[in-house]
Amino acid sequence: MNIANRFSTTCRSVANRAIALLVLLCVAAAQVNAQEAYTLRPGDVLEFWVAQDEQLNRSVTIGPDGRLSLPLVGHLTVEGKTVDEVEADVIDRLRPYYTDSLDIAVMLQPHPSHLPSVFVAGEVEEPGVFPYRPGMTVLHAITLAGGPYRTPLVARDVDRSILLKSEIDAAQKSGAEISFAIARLEAELAGSDRVVAPSNLAFELSEAQLAEIGEREQRLLDLRIAARTSASNVSSEVREMTTRGIEAVRQQRGIIDRRRELQAERVASATTLVERGHMQRSQLLEQQGGLAAIDGEAGELEAQIAAAEASAIEEANRDGVLSGERQVELMTELNDARRQLEALNARLGDNRRALAVYERDSAGNSQEAPFAYRIMRTIEGTSTQIDASTLTALLPGDLVEVMKISSATPMASATVN
């Protein structure tokens with residue numbers, strides 16, 4: 001009996017394990033079937049990678065008509081298909097062109113508007129649309145939206161007050177720097193070599209800080225003046241060298257003119273001797289050739305003089321153009337600096353007024369109202385309002401509304417936790 005009982009118990013145990021394994025397999029199969037494959041829509045991007053031909057590798061956006069185009073494949077309708085189906089279609093169309101088996105990979109970049117999303121509205125820092133993730137709760141969505149909105153002028157918000165003071169200090173330093181930069185630009189435009197500290201400086205900095213900023217701007221002005229002076233000196237030297245070169249060429253031209261006079265006399269004498277029969281004509285031609293050579297040298301010298309004079313004029317004009325361009329640059333920099341200072345003063349004034357409110361309300365008697373959460377969910381075309389907590393699970397397409405609780409806040413009857 002004991003052996004029979006043990007055998008019977010063993011058989012029941014094996015059967016139970018077999019039934020449990022079968023149930024697990026069925027559950028797993030149901031979960032796999034529940035996860036439907038993503039079907040393609042216009043605007044999605046598919047990236048194709050073909051091992052056999054790198055020229056076919058590319059990213060293609062599905063057009064509004066639901067089709068895409070690939071070399072050798074042609075137009076292919078992909079809307080409503082899965083990535084695996086598109087991959088199979090591409091392989092079928094490319095197979096006639098390749099002898100080896102094709103190694104193709106297709107990767108999907110869905111269009112952002114096609115991804116499951118949730119919407120957050122109401123009393124949050126940044127209302128908007130955010131991507132949905134499985135297991136997302138109301139708290140997750142509110143966190144993506146920057147958290148619940150709180151009045152920036154809550155007296156107990158010490159961190160905000162400290163941040164404002166830091167921004168004011170930084171703005172005052174920036175304002176002083178811009179003011180000294182304006183003074184330096186005005187000095188350079190006026191041809192002065194000294195940066196004069198602004199007399200109406202309204203920024204609260206120490207004497208050491210102001211002196212450091214002024215010295216920095218003075219060094220920059222000195223460098224710019226030195227660069228401008230160096231460029232001017234180089235231009236003057238170039239013009240001087242060109243003038244000396246022109247004078248030397250003109251001296252050579254004077255020598256050439258004297259040689260020509262002598263050669264012309266020789267040609268006249270030779271002509272007389274040829275006419276009288278005392279000299280052969282070839283000798284006359286030789287003298288005339290010498291005269292022509294001298295005329296050629298004179299022409300070359302004239303060309304050199306003209307080129308040198310043109311170069312001198314160009315250098316003088318270039319110096320003037322550079323000076324004019326520099327004036328335009330200085331005016332542009334000055335106007336930009338003045339606009340920056342104006343914007344900074346406006347921002348500094350806003351921060352000072354906000355900080356004054358913080359300091360005035362430092363007692364902090366008021367308290368921030370608590371928040372309530374409501375979900376707008378559409379099921380089979382019907383919209384439902386659901387009262388929720390921060391732990392309420394969300395579904396794709398839900399709209400989360402964050403509200404401050406007050407006696408006038410209406411609430412729906414259904415609550416999901």
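The values are calculated or read from the model by the stated rules, or taken from the named source; none is laboratory data. Nothing here was measured: the structure is a model prediction, and the numbers come from that model. Note: ideal-geometry Cβ built from the backbone for every residue, glycine included; neighbour counts use all protein chains shown. The accessibility values were calculated without ligands, DNA or RNA, using every heavy atom of the protein model including side chains. Shrake-Rupley method; radii C 1.70, N 1.55, O 1.52, S 1.80 Å.
Miscellaneous remarks
- Of all the residues in segment 171-192, those that are open to solvent by 60 Å² or more (accessible area, probe 1.4 Å) and either closer than 17 Å to Leu355 by Cβ or polar (S, T, N, Q) (or both) number 1.
- Of all residues in segment 59-74, those that are surrounded by 15 or more Cβ atoms within 10 Å (Cβ to Cβ) and more than 14 Å from Gly43 (Cα to Cα) total 2.
- Residues in segment 99-108 that are surrounded by fewer than 14 Cβ atoms within 10 Å (Cβ to Cβ) and either free of Cβ contacts under 8 Å to residues at least 40 places away in the same chain or within 17 Å of Phe48 (Cα to Cα) (or both): Thr99, Ser101, Asp103, Ala105, Met107, Leu108.
- Conditions (1) touching a residue at least 40 places away in the same chain (Cβ under 8 Å); (2) closer than 30 Å to Asp193 by Cβ; (3) open to solvent by 90 Å² or more (accessible area, probe 1.4 Å); (4) charged (D, E, K, R): number failed by Arg250: (2)
- Selection status of Leu201, among the hydrophobic types (A, V, I, L, M, F, W, C) and in a loop (DSSP other than H, G, I, E, B): yes
A quick yes/no check of all residues on (1) within 30 Å of Pro134 (Cα to Cα); (2) assigned to a loop (DSSP other than H, G, I, E, B); (3) touching a Gly at 6+ places or on another chain (Cβ under 9 Å); (4) at pLDDT 80 or above:
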{"residue": "Gln288", "(1), (2), (3), (4)": "no, no, no, yes"}
{"residue": "Ala298", "(1), (2), (3), (4)": "no, no, no, yes"}
{"residue": "Ala306", "(1), (2), (3), (4)": "no, no, no, yes"}
{"residue": "Asn317", "(1), (2), (3), (4)": "no, no, no, no"}
{"residue": "Thr332", "(1), (2), (3), (4)": "no, no, no, yes"}
{"residue": "Asn335", "(1), (2), (3), (4)": "no, no, no, yes"}
{"residue": "Leu341", "(1), (2), (3), (4)": "no, no, yes, yes"}
{"residue": "Glu359", "(1), (2), (3), (4)": "no, no, no, no"}
{"residue": "Leu391", "(1), (2), (3), (4)": "yes, yes, no, yes"}
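- Residue match in segment 216-234 (condition: touching a residue at least 12 places away in the same chain (Cβ under 8 Å), exposed (fewer than 13 other Cβ atoms within 10 Å of the Cβ) and at negative phi): no
- The test for being in contact with a helix residue (DSSP H, G or I) (Cβ under 8 Å, 6 or more places away or on another chain) and surrounded by 13 or more Cβ atoms within 10 Å (Cβ to Cβ) does not hold for Arg281.
- Contact map, segment 109-132: residues that are farther than 18 Å from Val83 by Cβ paired with residues that are of a type in the set (A, V, I, L, M) and in a helix (DSSP H, G or I), Cβ distance under 8 Å, separation 6+ or inter-chain. Pairs shown: Val118/Ala141; Val120/Ala141; Val120/Ile142; Val120/Leu144; Val124/Ile142; Phe130/Ala141; Phe130/Leu144.
- Test result for Glu237, assigned to a helix (DSSP H, G or I), under 30 Å from Arg184 (Cα atoms) and open to solvent by 60 Å² or more (accessible area, probe 1.4 Å): yes
- Considering Arg326, Arg318, the condition of being basic (Lys, Arg) and either open to solvent by 60 Å² or more (accessible area, probe 1.4 Å) or more than 43 Å from the chain's Cα centre (by Cα) (or both) is satisfied by Arg318 alone.
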